[in-house]
Amino acid sequence: MFGIDYIKAGPTQYVIHYRNGQVARAGSGLAFFYWAPLSSIAVVPIASADAPFIFNEVTADFQAVTVQGQLTYRVTDPQLLASLLNYTVLGAVDRYATKDPEKLPQRLVNLAQLATRAELQTRDLRTAIQSSQEIAAAVLASLQGSAAVNGLGVEVLTFAILEIKPIPEIARALEAESREMLLRQADEAIYNRRNAAVEQERRIKENELNTEIAVEEKKRMIRETKVEADLAVEGKQQQIREAQLAGQIKLEEERKRLVTTATKNARTEADAQGYAIEASLRPLRDLSPDLLAALAVQSAEPRRMIAMALKEIAQNAGKIGQLNITPDLLESLLTQKSEAAR
């Protein structure tokens with residue numbers, strides 16, 4: 001009404017109020033009334049923004065690839081950017097007078113494409129596909145240090161490459177090559193696994209044989225130890241037997257000395273007894289046999305006396321002409337003999 005307008009910006013919108021070609025006020029999130037016929041309002045977004053991209057490039061080995069990703073940026077110098085691009089609005093903060101605000105993302109994408117092209121031209125296809133993170137880091141460093149980007153009053157926050165993709169024919173060829181390589185690796189893995197199994201089996205057999213050898217060695221040591229122990233025991237037993245034999249020999253020698261001494265003593269005693277008997281009989285040795293017989297008759301029994309008489313008669317049988325022995329005499333001798341037997 002009457003040329004007076006009102007504008008209100010958000011906190012992520014930088015407002016520049018020009019009056020008669022001079023900056024009357026500038027700042028983010030401003031709200032104010034202004035005289036439209038003499039004023040021009042520029043609104044520059046200062047929030048971070050994403051700019052997706054996809055472009056085709058060529059690697060060092062002349063292979064076409066498609067690079068797809070996204071960069072994130074924000075405006076650090078709104079007034080500088082407003083002096084390069086037209087951010088003038090028509091009554092509302094989101095209704096721009098021209099399409100210049102749409103040019104900023106494209107300019108940044110173009111600069112990113114130039115930096116990406118420089119990186120891809122130093123790598124072959126396989127390396128480029130496998131180095132997307134390295135390429136993204138190099139491009140981000142290049143953009144952050146680029147004078148062209150800084151001259152726009154813009155700061156690049158992130159640069160991400162989502163995919164580096166070759167043409168379908170090359171992709172299939174790479175897939176086939178990779179597939180064959182993987183199959184070869186699988187075959188090698190199977191071969192290595194079998195070799196490992198054989199090697200492991202050989203080690204197991206060797207361990208078993210080594211164990212058997214160790215067991216036999218232990219058995220041999222046990223046998224040798226047992227033989228040595230038996231020899232030691234046999235030696236001890238031999239020593240015991242020798243000691244026992246020596247003791248028996250000593251005992252027999254003692255017995256021999258005892259028997260010798262006893263024999264000597266017995267002989268001495270017998271000699272003494274013989275001497276005593278001889279001494280006691282020496283008076284009788286000189287007596288006549290008739291006298292001895294007479295002495296024996298005096299103390300003998302009647303039967304003995306009759307027997308001696310008969311003996312005497314028998315000795316002088318040549319001198320006897322006739323001898324009569326009565327039955328009564330024989331009967332009395334036999335009767336006395338039978339009573340003596342009872």
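Just so you know, all these numbers are worked out from the coordinates, no wet-lab data involved. The structure presented is a predicted model; accordingly, all values stated were derived computationally and were not measured. Neighbour counts are summed over all protein chains in view; Cβ atoms, including those assigned to glycine, are modelled from backbone coordinates with ideal geometry.
Scanning the range 20-29 for residues being surrounded by fewer than 14 Cβ atoms within 10 Å (Cβ to Cβ), touching a strand residue (DSSP E or B) at 6+ places or on another chain (Cβ under 9 Å) and on the phi < 0 side of the Ramachandran plot gives a total of 2. Note on the range 35-54: residues that are among the hydroxyl-bearing types (Ser, Thr, Tyr) and either under 60 Å from the mean Cα position of the chain (by Cα) or more than 17 Å from Arg95 (Cα to Cα) (or both) total 1.
Each row is one residue, and each column tells you yes or no for (1) touching a residue at least 60 places away in the same chain (Cβ under 8 Å); (2) loosely packed, with under 14 Cβ neighbours inside 10 Å.
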site	(1), (2)
Ala31	no, yes
Tyr34	no, no
Pro45	no, no
Asp50	no, yes
Thr66	yes, yes
Leu71	yes, no
Asn86	no, no
Gly91	yes, yes
Tyr96	no, no
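Entry remark, the range 159-172: residues being surrounded by fewer than 13 Cβ atoms within 10 Å (Cβ to Cβ) and touching a strand residue (DSSP E or B) at 6+ places or on another chain (Cβ under 9 Å) number 1 in total. Return the residue satisfying two criteria in turn: it lies in the range 128-158 and is touching a residue at least 40 places away in the same chain (Cβ under 8 Å) and under 24 Å from Ile170 (Cβ atoms), and of such residues it is surrounded by the most Cβ atoms within 10 Å (Cβ to Cβ). Across the range 128-158, the extreme among qualifying residues is Ala128.
Residue by residue, here is whether (1) closer than 28 Å to Ile129 by Cα; (2) surrounded by 10 or more Cβ atoms within 10 Å (Cβ to Cβ); (3) of a type in the set (A, V, I, L, M, F, W, C) holds:
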site	(1), (2), (3)
Glu175	yes, yes, no
Glu188	yes, yes, no
Asn195	no, yes, no
Glu199	no, yes, no
Lys205	no, yes, no
Ile213	no, yes, yes
Glu234	no, yes, no
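Here Glu201, Glu224 are screened, and the one residue that is farther than 30 Å from Pro166 by Cα, within 27 Å of the chain's Cα centre (by Cα), free of Cβ contacts under 8 Å to residues at least 24 places away in the same chain and in a helix (DSSP H, G or I) is Glu201.
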